[in-house]
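A quick write-up on the structure given underneath.
The values are calculated or read from the model by the stated rules, or taken from the named source; none is laboratory data. Predicted, not measured: the structure shown is a model, and the values here were computed from it. A quick note on method: Cβ atoms are made from the backbone with ideal geometry, for glycine too, and the neighbour counts reach across all protein chains shown.
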Amino acid sequence: MIEKENKKTTSKKLTDAICKSLRRLDKRYYKSGDYPGLEFWVLTSGKKTWYYRYRTKNKNFQQRKRLGNYPVVGVVEAIKRAKVEADKIFKGEDPKEQIKSDLLKMQLGDAIRKYYQEELTTINQYRPSTIKGIKATFGPWIFRNTYEKDILLRTERVEDLQYKKLTSITPKMFKNLYQICGSRSPITANRLQEYLRKFWNDYIKADDNPFILDKKYKHSENVYLDFLDHIELPRVMKILVRIDERSGRLNNNYYKDNFLNPVSCLLLAFMLTTGRRPEEARSLTWGQFTPGGSARIDLIKTKTSKKNQKTRFNLGDDATNILNLISVDRLNNPESSFYYPIDDIRNKYIFPSKDYGRKLSNGKCKTPHVIDPGKTWASILSMSGVDRHMKLHSTRHTFATNFYRVTKDIKALADALGTTEAQALKYAKLVGETVVAGINKIKFFNDEKPVLKQVN
C-alpha cells in the first residue's frame, strides 16, 4: 500500500488583509506570523505592532524585540526583520543588549522622543492623562519648549540636558535642574524626577540611573485631605437628590428652578455613596450595573486594577436607589435629562451628556457621557453652606473617611475602594472625635483621688 505524502500547507497565517481585519479587544492579543517567533500584536488602543520572540543562552526566559508598527512595517518587511534578528542571535548577539548600547550613545532629547514613539503610547498602555502629564513636564524643562519667560530664564542657569549623551549625564547635573525647577514649582520638580526615573528604568534599562534622588533632597508635598464630615454630608446629599413626594420620581422642577444639572447631581451623589473615582463613575453603562439583592457594578478597569485585579464592587442601598431613580426616568419620561431615544448612543450610559454632538468652544463634543461635573459640585457646596473650596476627588475622601468612622474596619474599606489596606489608611483620615475618643480611653490617673499636701 502506497502511503500518500503529506502535503505541506502553503496558506499563510497572516496577510495584509488579515492584519487589517483584526480588531482591538478589551485585552491585547497577538497572532503568530509566518516565521518562527514572529508575532503580530493588537493593543487595546487599536495600534498594531510586530514583535520577534527569541531566547538567548545566558537567559532562562524568552524575550521580545519590537520590529515596528503596522502598516508602516508590512507583512513582508516584518518577516525580513525577523530573519535579520534570528541571524544575529545565531551569531551570539543579544538584540536587546545591542539596543541598550545604541540608546546609551543617544542624546537625552532623542532618546525621549524615541521613548514617546515606542514605549509611552504602545507597550505599557499608559493612561492618556499620564501621557499628557509626562509630555507637559518634559516639554518646558527638558526640551525648553515654552514661551514662559520665567521658565526660560531659570533653565538658562543649568546645563541643557537634552543635548547630553545619556552616558554623560550625572546625578549632579540632574540635581541642579531639579532644584531650578523646584524653585518655581516643587510639585512639578517631583514629577520631573519621577518621570525621568521611570523613563530610564522602563526604556533605557541600564545601571546607574542618574535620575534617582535621595528622599532628603526631594520636595515635600502637602497631601490633599479635605472631605465632608458627617454633618456636612447629609446637607449636600439633600441638595443633590431631590424626590417628588407625590410621584416618587426625581423632582425635575426643583433642578430647573435652582439651575442644576440633574445628571451631574446624581453622578456626584453616586460618587459620594460608592467612593468611585470620577473617571470610573462618569462612563458607566447600564450593562455594567447588576440590580437585585446583591446589586453591583463591574468596571472595565480601575487605577489600581493591575495590582489587585479587583473590578467588581457591591453597591449599598443608597447607591442602588440612585440608579433605580435614573432607571425609571430614562425609559418613559421624555422630559427627563436621562431620557434619550433607543437608537441614541447616550441611552446606554447611566450619566448621559446633553452636550454630545453639539459644537462647543473647543470643538464638537464627542463624548456621550458627562465629563466634568466640577461646576455643579462648586454650586452644590455653596448651596449647602460649605464655604471652602473642595476638589472633585474629595467625594472619594468623604466616602472613605465616613466609612471608616462608622465601621473602623480598614480591610472592608480597602475592599470597597479597590485599593490596598495601606492606601485605604491614607484615605481614612481620623476625624477629630475619633482622635478625642482615643485620647479619653487612656487612663492618665488611677482611680484613687490624688492627695494634696498642705503647704505651710
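In table form, for the structure just shown:
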item: Top-ranked residue of the range 53-100 - restricted to ones that are polar (S, T, N, Q) and over 20 Å from Lys13 (Cα atoms), ranked as modelled with the lowest pLDDT; result: Gln98
item: Residue, farthest from Ala111 (Cα to Cα), within the range 183-227, restricted to residues that are outside any loop (DSSP other than H, G, I, E, B) and among the acidic types (Asp, Glu); result: Glu194
item: Matching residues in the range 24-44 - criterion: being in contact (Cβ under 8 Å) with a residue 60 or more places away in the chain and crowded, with 18+ Cβ neighbours inside 10 Å; result: Leu43
item: Pair list, Cβ < 7 Å and 6+ apart or interchain, from the range 363-390 residues that are assigned by TED's automatic domain parsing to the domain that holds Phe338 to residues that are of a type in the set (Phe, Trp, Tyr); result: Cys365/Tyr356; Thr367/Tyr356; Pro368/Tyr349; Pro368/Tyr356; His369/Tyr349; His369/Phe351; Val370/Phe351
item: Pairs where the first residue, in the range 199-225, is in contact (Cβ under 8 Å) with a residue 60 or more places away in the chain and at positive phi and the second is surrounded by 13 or more Cβ atoms within 10 Å (Cβ to Cβ) and charged (D, E, K, R), C-beta under 9 Å, 6+ apart; result: Lys205/Lys96; Lys205/Lys100
item: Long-range neighbours under 6 Å by Cβ, at least six apart or interchain, first residue in the same structural domain as Cys181 (by TED's automatic domain parsing) within the range 135-149, second surrounded by 13 or more Cβ atoms within 10 Å (Cβ to Cβ) and among the basic types (Lys, Arg); result: Thr137/Arg191
item: Some residue of the range 348-364 being under 17 Å from Thr285 (Cβ atoms) and assigned to a helix (DSSP H, G or I); result: yes
item: Enumeration of residues in the range 389-413 that are within 18 Å of the chain's Cα centre (by Cα) and of a type in the set (A, V, I, L, M, F, W, C); result: Leu392
item: One residue from Lys80, Lys47 being in contact with a helix residue (DSSP H, G or I) (Cβ under 7 Å, 6 or more places away or on another chain) and either within 23 Å of Tyr116 (Cβ to Cβ) or surrounded by fewer than 20 Cβ atoms within 10 Å (Cβ to Cβ) (or both); result: Lys47
item: Subset tally (residues that are within 19 Å of the chain's Cα centre (by Cα) and under 14 Å from Ile169 (Cβ atoms)) for the range 198-208; result: 1
item: Positions within the range 225-257 being out of contact with any Lys or Arg (no Cβ under 6 Å at 6 or more places or on another chain), among the aromatic types (Phe, Trp, Tyr) and in the same structural domain as Ala400 (by TED's automatic domain parsing), in sequence order; result: Tyr255
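Every residue, every condition in (1) at positive phi; (2) in a helix (DSSP H, G or I); (3) acidic (Asp, Glu), yes or no:
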{"residue": "Thr56", "(1), (2), (3)": "no, no, no"}
{"residue": "Phe61", "(1), (2), (3)": "no, no, no"}
{"residue": "Gly68", "(1), (2), (3)": "yes, no, no"}
{"residue": "Arg81", "(1), (2), (3)": "no, yes, no"}
{"residue": "Ala86", "(1), (2), (3)": "no, yes, no"}
